[in-house]
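Have a look at the structure below, then the notes.
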Amino acid sequence: MLSLRNIWQLCGKEITSLLRDRVLFIFMIYACTLMVYAQATGTSHDLVRASLGVVDEDHSALSQRIIDGFLPPRFQAPVMVAPNEVDRAMDHARFTFVLNIPPDFQADVLAGRSPEMQLLIDATAVMQAGIGANYIQSIVSDETGRFLRRDAAASGDAVELKLRIAFNQTLESTWFTGAMALLQVINMLAILLTGAALMREREHGTLEHLLVMPVRASEIMLAKIFANGGVILGMSLLSLYVVLQGILGLRIAGSLPLFFAATAIYLFFAAALGIFLATLARSMAQFALLFILVQMPMYMLSGALTPLEAMPDWLQTAVQLLPTKHYVALTQAILSRGAGLETVWPELLAIFAMGAAAFAFSLARFRNFLSQQQ
Amino acid sequence: MDEAERFSHVVMLDQGRILASGSPADLKAQSGTAALEQAFIALLPRERRGGLDGESALPPRQEDDTEEVIVAHGLTRRFGDFTAVDHVELDIHRGEIFGFLGSNGCGKTTTMKMLTGLLPASEGEGFLFGQPVSAGDFSLRRRIGYMAQSFSLYGELTVRQNLMLHAALYGLENAKAIERSKALVRHFDLKEHLDAVADTLPMGVRQRLSLAVAIIHDPEILILDEPTSGVDPVAREGFWRELLRLAREQGVTIFISTHYMTEATRCDRVAFMHAGRVIATGAPTELQAAQGAATLEEAFIAYMELGGRAAEQDLPAMTPQAPETSAPVATPRGWFSGRRFRAYAWRESIELLRDPIRLAFALFGTVMLMLIFGYGITFDVDNIGFAALDRDGTPESRAYIEAYSGSSYFQRQGDAPDGDGLLQRLRGNKIALGIEIPPGFGADLRRGRTPEVSVWIDGGMPFRAETIEGYVSGAHNSFLTELARQLGQSVTQPASLVMRYRYNQAFRSIDAMVPALFAMMLMLIPAILATLGVVSERERGSITNLYVTPVRKLEFLLGKQAPYVVLAYVNVLLLTVMAVFVFGVPLKGSLFGLLLGGLLYVLASTGIGLLTSCFTRSQVAALFGTAVLTIMPTVHFSGLMQPVSTLQGGARLIGSVFPATYFLRTSVGAFTKGLGLVDLLPFIAATAAFWPVFLALAWLFLRKQET
């Protein structure tokens, strides 16, 4: 039988000591507000503000028309560069793309000689290089076509392609990057705070003290999970409702309370994982490294940053075991596809099951953990 | 005090004032006491004695109570090959004060832990109140009080909170808890400290609080593991009087371990423990008499020699440390001493080397992460699942779908029965692309009436959606081109765009990502490694070494950083070898530039860890601070994912003042862009600027004295 009174008492103690560490508290607020804000507004997962340099050796109406075709938000205003500056500028990553319009380009187009333009792409900027090249290609051919027809009538293609982006019509990436930033913050916080709280109790000898009292190991662990998870849940509330919805004014397709509930379940997992990692480590220093080694792949391979389809097969299978992968999937489903509980329950269940497993493992290791002295 | 007995001359100080000075014998004679400790108390001015006047003689114990409440039979504990406790036999009677005497590391603590159920015994058994000790027995736990070696109070809680928490955890009802706390506060004189945070209390007060907490539930047995170490004589005397009162007036059985001989003589009975074995048990006077020894200490040594061991081996085991580890006594002049720097660096290295698991995590962890990320972080989107809803079913519509399924980017995942089904499958993330061909597609096409194909792309992940969009228009155009060719139309474009992927002609993600990952790996792991260095000493209290030794802050900081820089540099070399030989990324540019940039970069990254370590108060805060300060800027704002030139606002700002941005350009430049040393120099110089800044900030934050 678990004693709720014990859990309640221990939770109070956890929260008191957590909030007493002011530097930590400031870091937490910073991560949940400014960091999420900077990431949501400053970075993007689609092509925005691509940097383009243009070498215009034609100086014609057509070349000007093409240059004017590169508009925000996808492109920054194109910068004119001299031919001999191109290499240096690209070496220094000033531009991801450099478009070279050759001399007599307009004349050749009008004469039907089908001239060639060159687009230099910095292929080390993997994320933007491919999609940016596509956009540039279509801008160039649209502008050339319009120039020839002198009007912007129908394309004249035999089949009209009607492209629709389902669920996220404007490809609004702010919500997505914001939600992913929040995921990373709570993932770090939950694993670290809960795990380190346990490590610290062992280092300070207070854990032993608890265990000679009529208190169960499971009560200690649950109190840590609830207390730290609760504080972090409060922080994510701040992040979601104040930063993302309030300040940035973002609207989502699905239900925010559902997303919030999913976050709470995820927090249970992350906190349980923190406890588990702490029972594996012999010292705070080991725990710190273990944290990095586990946390980073969980985030980087979750599908939040890179498309899962691109991974090798073995890794795609392996990431099924990452709760972050399921959390990202359900975030996309709720935020942009408007999915409800009937769609995302398998993910929720998977996350909860992994949390329960981590909890069970930690419980099994607990006595062993206690007897390990530094 | 035991040690002081051996000195030829002793000076007793209280509140910065000399109380007395002379040989131990003189001092004892002067105060008319038998031991130096009592002499000290006797020589104190009356108001400083805390009401501890005169000799606290041990009131005789009623010998009629022989109920055995703590019993050990053949209690043994092994850790691997090492036997910490070897067949210990104990029987402690109700109301007895039983002392447990032995050097550090002889097994006292382990024995006590087994008797409280904290540690399972490897062999043998312990009994409390005649019942075998079991970890799960709560009724037994309610009858025991325990005080561990370290003051195991919650340092962040106040005195009141500590008392109330323990009362509640022992299951005391609220009213009872308040009543007991009040009584204990009065009794242990804690009133003025009630709302003070435990960490800020003087040692003596903390000790009183620890005892108060241990007896809040009126236990019948009190197990105390070296409760008085580090406490001044007055507080110790008060503590002992309280123990005597508990034992004599309330019949509490007290099992106390100590390495102070003066304390041992005050027990009813003692057990000498040595190297895991109990070598003698009995009343102090009996043991002395049996060996014909003048003092208990001599008796202890005599028993130890009887145990057949040479005296040298029996000295308490010191932790093996090289002599350089303690700060040199001589004070070299000048603002920076290489010797003191080396001493600190040496000590930190020893700590690192003693923890092979941590070392292995740092090295193999880097290798492992590199493997996972090198293959896992890729932007080559292909095998996109799609479903078609063909409402036409003519050769033309099939040809249109064929344009997609023929491309290696797409993979057909069956068909949808209707529009809803298509959306349902998109929503469930079964497919990322849905194609709907309207009825009459083929007929319209033949008659030259532009039909309209609808395509849905999953916009959940913007990057993927845009990439798919590009592929879709590619597939669509290839259908159109093929159609035009069949109709014999000209397909020449008015102008063409030749794309040249520079630096990475094949546009392989791996060639660009692997060098970029250098910046991430060499930031996160070194920063986390270095971040506990200073703050852990502060949390343990050993930072006082810095306050008392003439080590200058800069020497201390550099000494703390040096081992991690070396370790991180091994990672630079490891990663370089992996990039070339495992991932097959050619190193086209300057190796020297890469290695030089790498050195400056790990100086900066360990520097961030060190800096966080200096301005945080707890290890948790340092860890989280370093994680927040490094992970997000490295992953998002340094050009790893998205070129820095396309960031905006705060992200752009953070990106341009973060070292990863510049080292990323160095490593990508050296590997993929094929830049020579001269071209790399601007990035290397920018990276170099960070270390001095971080070091200077750390220097400012590291206060030489406690405030």
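Every read-out reported here was derived from the displayed coordinates using simple, explicitly stated rules and does not represent laboratory data. What you see is a predicted model, and the numbers here were worked out from it, not measured in a lab. Neighbour counts run over all protein chains shown; Cβ positions are idealised from the backbone, glycine included.
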task = Ignore the peptide's own chain and count Cβ atoms of other chains within 10 Å of each Cβ in A:352-361; give me the average, rounded.
result = 0
remark   = Per GNM of chain A with C-alpha springs under 10 angstrom, the most fluctuating residue out of A:Met35, A:Met80, A:Met188 is A:Met80
message = How shielded is B:376-388 by partner chains, expressed as the average number of their Cβ atoms within 10 Å of its Cβ atoms?
response = 5
request  = Treat every Asp and Glu Cβ in the protein assembly as shown as -1 and every Lys and Arg Cβ as +1, leave all other atoms uncharged, and give the resulting dipole magnitude about the Cα centre to the nearest 20 debye.
outcome  = 1480
message = If I require 30 Å or longer along the helix axis, counting alpha carbons, and a Kyte-Doolittle average no lower than -0.5, what helices from chain B are left? Use full DSSP H segments.
response = B:462-486, B:509-530, B:553-581, B:591-615
message = Filter A:Lys13/B:Lys113; B:Lys430/B:Lys588; A:Lys325/B:Lys560; A:Lys13/B:Lys553; A:Lys13/B:Lys191 down to the pairs with a C-alpha to C-alpha distance above 31 Å, please.
response = B:Lys430/B:Lys588; A:Lys325/B:Lys560; A:Lys13/B:Lys553
Value of [θ]222 nm, deg cm²/dmol, for chain B, DSSP H segments ≥ 4, -39500 (n - 2.57) each, nearest 500 = -15500 deg cm²/dmol
note = Semi-axes (Å, rounded, descending) of the ellipsoid equivalent to region B:568-668 per its C-alpha gyration tensor are 26, 19, 11
query = Shielding of A:317-330 by partners, i.e. mean partner chain Cβ atoms within 10 Å per residue?
reply = 1
ask   = Where in chain A are the DSSP H helices whose alpha-carbon span along the long axis reaches 15 Å or more and whose Kyte-Doolittle mean is at least -0.5?
value = A:4-20, A:126-149, A:173-204, A:217-237, A:256-280, A:284-300, A:323-335, A:341-371
key: Cβ-based net charge around B:Gly669, under 10 Å, with every Lys or Arg adding one and every Asp or Glu removing one   = +1
query = By average Cβ neighbour count within 10 Å, what is the ranking of A:309-319, B:568-578, B:655-665, B:209-219 from highest down?
reply = B:655-665, B:209-219, B:568-578, A:309-319
ask   = Under a point spin-label approximation (7 Å from Cα along Cα-to-Cβ), what is the B:His73-B:Leu371 distance to one decimal in nm?
value = 5.2
query = Treating the beta-carbon of each Lys and Arg as +1 and of each Asp and Glu as -1, no other charges, what is the dipole magnitude of chain B about its Cα centre, to the nearest 20 debye?
reply = 2800
key: Taking all pairs of distinct alpha-carbon atoms in the protein assembly as shown, Kirkwood radius in angstrom   = 33.5
query = With point charges of +1 on the Cβ of Lys and Arg and -1 on the Cβ of Asp and Glu, referenced to the Cα centre of chain B, which listed residue (B:Leu695, B:Leu587, B:Ile216) lies farthest in the positive direction of the dipole?
reply = B:Leu587
request  = Return the percentage of antiparallel bridges among DSSP beta bridges fully within the protein assembly as shown, rounded to the nearest 5 %.
outcome  = 40
task = Take peptides B:368-374, B:451-457 and line them up by average Cβ neighbours within 10 Å, highest first, as a rough protection proxy.
result = B:451-457, B:368-374
remark   = Taking every DSSP bridge whose two residues both lie in chain A, the antiparallel percent to the nearest 5 is 35
inquiry  = Out of the trypsin sites (Lys or Arg not before Pro) in region A:29-127, which ones are loop residues according to DSSP with at most 14 other C-beta atoms within 10 Å?
reply    = A:Arg113
request  = State the percent of C-alpha pairs, over all pairs in chain B, separated by a distance greater than 32 angstrom.
outcome  = 69
query = region B:220-253: which GluC sites (Glu not before Pro) are DSSP loop and have at most 16 other beta-carbon atoms within 10 angstrom?
reply = none
ask   = Which percent, to the nearest 5, of DSSP beta bridges fully inside chain B are antiparallel?
value = 55
